[in-house]
Structure formats: structure tokens, C-alpha cells
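Bear in mind these aren't lab numbers, they're just calculated from the coordinates by the rules spelled out. Quantities reported herein were computed from a predicted structural model and do not represent experimental measurements. All Cβ positions, glycine included, derive from the backbone under ideal geometry; neighbour counts span all protein chains shown.
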Amino acid sequence: MKLQCTPLHAQHLQLGAKMVDFGGWDMPVQYHSILQEHAAVRERAGLFDVSHMGVFEVQGAQALAALDHLFPNDISRLVDGKGLYTQLCNPQGGILDDLLVFRLQADCFWVIVNASNREPDLRWIKEQIRDYDAKVKSLADQTGILALQGPLAGLILSDLVLQPTDRSALPVFSIRTIELAGCEFKISRSGYTGEDGFELYVPHHALCAVWDLLLKHGQIHGLEPVGLGARDTLRLEAAMPLYGHELNDQITPLEAGLGWSVKLDKEADFIGREALEQQKAQGLTKKRIGISMPESKRAPREGYTLYQGEQAVGQVTSGSLSPTLGYPIGMAYVDLPIFDPQISIEVDIRGKRFKAEIVKLPFYRRNS
Amino acid sequence: MSTFFYTKTHECFQIDESGQATIAITEYAVEQLGEITYVQLPEVGQRFEKGEPFGEIESVKTVSELYAPITGTVEAINTELDAQPELVNQAPQIAGWLLKMKPERPEEQDACMTEQAYQDYLENQ
């Protein structure tokens, strides 16, 4: 199968990126070094091409009702220009995708989904809202997404954009229109790194110009292009789940530790509600935890088994050396009630047991 | 300088005049792995059949098995790599070597790829 490319493909090659197949997309995994790119985002700023992600527009008199039927979070509490994090669940409460929803107007919303789920999400949403006076369409073929992330992201943007984008004008999880490189487009204060930052939804025809302008201008502030390798270590430190690893259709938001985004008390009935209510009443049989291995040189990796004594108690879903902390960290699911938080835990790394500590998530939290 | 021989799993080795083989991984393998954080090596005296896993190499993003490119017994390991695994990134076939082995069947090298054959193999992947 031929890999899909974003409009910035030539830019990535020119910057010397090492490209990998990411869910059918030929994407930059790193430009020079995952560790350096990771540090750039934590200390200064990084620019990511995440144009493989999907943007859907849901429009119509019943758009709000349709979305409140689709998602466990409370879409009705959004005002114009505000967004939230939620999931798409099946009737069993299993997660089909995790995503952001922004309310542009009372009858028009944007839904930002994972690259690998673009097509199935669109089919699912169409099917589930067909009785509502609302239409969903994908804007992905005309819209690219850039993520500008890091403590200096706001400074870099404010130099280039007339519209205010400081925290009072553009608070976390809000969206507005700006003009950059002669083009008007939407920008939200959001991201997947644990840092302050923005996601820019740029029409394809202006994507290269915006990318080039940001990189060129941001250079004096230490802005670097950042690949998917560092995106993964950044989100891991911030304990943000990744679909296909921490999340899948056999895992509910409650098990994933995302209960804060499930509004069982909201007015609208939503897909998966009954299953989630039941699970909440009966108690969980598994949950997501964080582990760290300060004394180990070897990292926990997806699929490794966790032990307490001779008892297997869970499995790692993501893990890596934490570039910021300097030692390996990971996320895992443990079986309840077998797992005992009072007892020490070990990771089986290819046949040998290594001591791990159970730690509160996230592993990294920015100052401010 | 004797020549390197290569495997499809991206290990390589050269046999010096004393008959000792130095085992390393290739530039290509290093590029695929990215920044290397840890190399798990066997102990001196251990014997491996050609194709048998002798260790593991971890990078920021992944972990891979290392396979013996030739049958033999380990005579030395690169102890520098414990403190400086990045040597493998910097010069995989020089300062970043992994093992020295005494080959039992030096003729096994004839079944491995030459530098040119390995380059062709990479291009056709």
C-alpha cells in the first residue's frame, strides 16, 4: 500500500527527517535526535506536523444534541469558542477513539480525531447521528494541523499574529481565528506534550507558508521541528493516553483513568452510558497506573508483564526512558482486585525481573 | 584491514589476523534504532551458534535482539558501552563494537554478505 503524505512531506525530507510508516502515513519520527527534540519542547518550543489527524465539522440545528448523544463528556456546557476532551464509546463503554470537541457556534462544532481512526470514526458518527438534524463532514482533505508547543510557544506566536493569543484571550481548550502568513484559520490552545501550546488548523494551500514562517521566526527563540518520536516521549511523561496503547475498544474511560471526562449526571443519554453506570456501580476490574524504574537502565515496553511475587498482575501499554527524568517510566493496566498497591512490583523484561515503583500520574507536570 | 561481513539482521563482523572476530551492528541498524540507551551483552566464555540471540539493544524508542553472525565463543565484550552506550551511535563498527569472539567455523563468513552485497540488500528492502 502506498503511504499517504501530508503537504509538508518535502519540508520534512529537506530538514533531514527520518520517516516512518505511522498508521499508513509517511511521517517524520525524528529530524536529528528524539532527546534533543524532546528537550526543545520542554525548555523552549517545538513545531510538529500532525496533519495526519482528522478534523470533522458537525453542523445543523441538532448538532449539539447529536454530539451529546455521541460523547460521554457534557457538550452542552460548551460556549462558543470553547472545547473539551472526550471519547467516542461503543454501547459497551469501550473506547473507539479519544478526541477534542470545539464549539465554533451553537450549530457548528469541530471534532479532532486520531489519524488511525479517521475513516472508522466518520462512518460511526454518520451512522449514530443519522436521526438528528445534523451533518458531519471531514475537513481533513483540506486542513492540515500544526502543533506549536513549549514554554516559548506563546511568545513566538504573539510576535507574528495581530490577534491576541495570550492566556486571557485564548485560554486552555479554547479556539479562535487568527491571521498568519496572509491566511485566516483557526487555532486552539491545546496539545499533547504537557506544555503550554497551540494547535493550528491550516488550509492545505497555506500550510507550507505557515510552517516555514514559524520555523524561520521561531529559530531565534530556539524553536525546532519535532518528530513523532519525541511526541511519544512527551505525551508519555504527561501521562496522556495514546489510542492503540492505553486505549482501545475493550477499555472504558473509567478504567483508563479518564472518569473526570465522563459526565454520568448529564441530561442527554449517550452511547455507552448504561455500561459505564453499571461499571461504576460494580467497581472496576482493571485500571491504568504509572510505573517508574529509577534504578534500571532498561525500559518497560508495551506487552511486558507486571508481577507481585509470583502473581502476574498486569501489562505495560507504553514505556520508554523519560528524557526529562533521566530514568525509565511506563504506563500499565493492572487487574483488580489482584493488584495490591501496598506490595512492591516487578517488570518482566524479556525473562528477567526488574523492580519498579508505582507512581502517581502524570510523571511530569510543568511549572506555572 | 580485513573486510566486514554482514547479515540480514544488520550485524556485521571482521576476522583479524589472529583469527578473532569483532562483532558490531551496522550504520543502518543504528539509524533505525535512534539514540541507544543500553546494550545487554553476554559474558566472556559464553558460546553462541550462528543466528542465536546473544544480547539486546535498547534505544529511546525501541528494543531489539542481537544475533550472533557467526558460531563461536565470546572472548571479550566492549565494557565501555555500559557507561557510554552512545558510542554505538557515534561509530558502530569502530568504538561501538559489541563483542570479540573466537569463531569455530570461520568459513561461515562465506555465507554472509560483503559490504557491496549488503548495500544492495538495503536498497532493495
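So if we plug the beta-carbon distance of A:E357 and A:H205 into 1/(1 + (r/R0)^6) with R0 = 45 Å, what FRET efficiency do we get, rounded to 0.05? Please list the in-between numbers first.
Numbers: r = 50 Å, r/R0 = 1.12.
Here the calculated transfer efficiency is 0.35.
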Mind giving me the nanometre distance, one decimal, between the label points for B:E80 and A:H221, set 7 Å out from Cα along Cα→Cβ? 4.1 nm
A:S318 long-range amide H proximity, modeled H, under 5 Å: A:M331
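Using DSSP to call loops (not H, G, I, E or B), can you name the trypsin sites (Lys or Arg not before Pro) in segment A:1-64 whose Cβ has at most 12 other Cβ atoms within 10 angstrom? Present the calculation step by step, with values, prior to reporting the outcome.
On the way: sites: A:K2, A:K18, A:R42, A:R44; in loops: A:K2, A:R44.
Within segment A:1-64, the qualifying trypsin sites (Lys or Arg not before Pro) (loop, at most 12 other Cβ atoms within 10 Å) are A:K2.
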For A:R130, A:R231, A:R118, what's the fewest-to-most ordering of other Cβ within 10 Å of each Cβ? A:R130, A:R118, A:R231
Would you mind ranking B:T79, A:T233, B:T7 by Cβ crowding within 10 Å, fewest neighbours first? B:T79, B:T7, A:T233
Modelled label-to-label distance, A:E43 and A:L15, 7 Å Cα→beta-carbon offset: nm? 1.8 nm
Choose one answer from A:Q163, A:Q315, A:Q87: the residue with the largest mean-square fluctuation in a GNM of chain A with alpha-carbon springs under 10 Å. A:Q163
All other residues with a Cβ under 11 Å from the Cβ of B:F54 taken together, and with Lys, Arg as +1 and Asp, Glu as -1, what is their net charge? -4
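Here is the link list: A:K137/A:K186; A:K263/A:K360; A:K18/B:K100; A:K297/B:K50; A:K2/B:K8. Which ones come out longer than 20 Å on Cα distance?
Values: A:K137/A:K186 17 Å; A:K263/A:K360 23 Å; A:K18/B:K100 31 Å; A:K297/B:K50 28 Å; A:K2/B:K8 24 Å.
Correct reply: A:K263/A:K360; A:K18/B:K100; A:K297/B:K50; A:K2/B:K8.
Could you list A:K135, A:K360, B:K61 in order of exposure, starting from the residue whose Cβ has the fewest other Cβ atoms within 10 Å? Intermediate results must be reported in sequence, preceding the final value.
Details: A:K135 14, A:K360 8, B:K61 23.
The fewest-first ordering by Cβ neighbours comes to A:K360, A:K135, B:K61.
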Computed label-point distance, nm, for sites A:D166 and A:Q105 using a 7 Å Cα→Cβ extension: 3.0 nm
Per the helix-only calculation at 222 nm, which mean residue ellipticity applies to chain A, given -39500 (n - 2.57) for every DSSP H run of n ≥ 4 and division by its residues, nearest 500 deg cm²/dmol? -6000 deg cm²/dmol
Pick from B:Q32, B:Q20, B:Q40: which is most flexible by mean-square fluctuation in a GNM of chain B where alpha carbon atoms under 10 Å apart are linked? B:Q32
